[in-house]
């Protein structure tokens, strides 16, 4: 059974989204051509155009908040070491990743005051 490897989602900047929307709106270019040329899904471009029409260009800003990893780097590294010592060097990547994720989530939720 073939399982496709999960790829990392590409996050475009506000400027890239605005440029793409303006290519279609101001330069009267075809959405399909612009999306193929820039390597963007046409559904993403269509969504950006709809957001732009309904709410203006400020809605193209990303609402994705990156966690402040620098503040917690030492604690995350300590957790990685603890996991390696606990599990040894076996190939239990999924389980150790799950435990690491839960521990990191606990750290960040306590730091932000969210429970």
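The values are calculated or read from the model by the stated rules, or taken from the named source; none is laboratory data. Because the structure is predicted, anything quoted here is derived from the model rather than measured. In this analysis, Cβ positions are derived from the backbone assuming ideal geometry, glycine residues included, and neighbour counts consider all displayed protein chains.
A few remarks follow.
- Checking the stated criteria, residue 27 turns out not to satisfy the condition of being loosely packed, with under 11 Cβ neighbours inside 10 Å, under 18 Å from residue 59 (Cα atoms) and without any contact (Cβ under 8 Å) to a residue 40 or more places away in the chain.
- The selection criterion, being at pLDDT below 75, surrounded by 10 or more Cβ atoms within 10 Å (Cβ to Cβ) and not in a loop (DSSP other than H, G, I, E, B), holds for residue 96.
- None of 32, 41 is farther than 15 Å from residue 60 by Cβ, over 22 Å from the mean Cα position of the chain (by Cα), free of Cβ contacts under 8 Å to residues at least 12 places away in the same chain and surrounded by fewer than 14 Cβ atoms within 10 Å (Cβ to Cβ) except 32.
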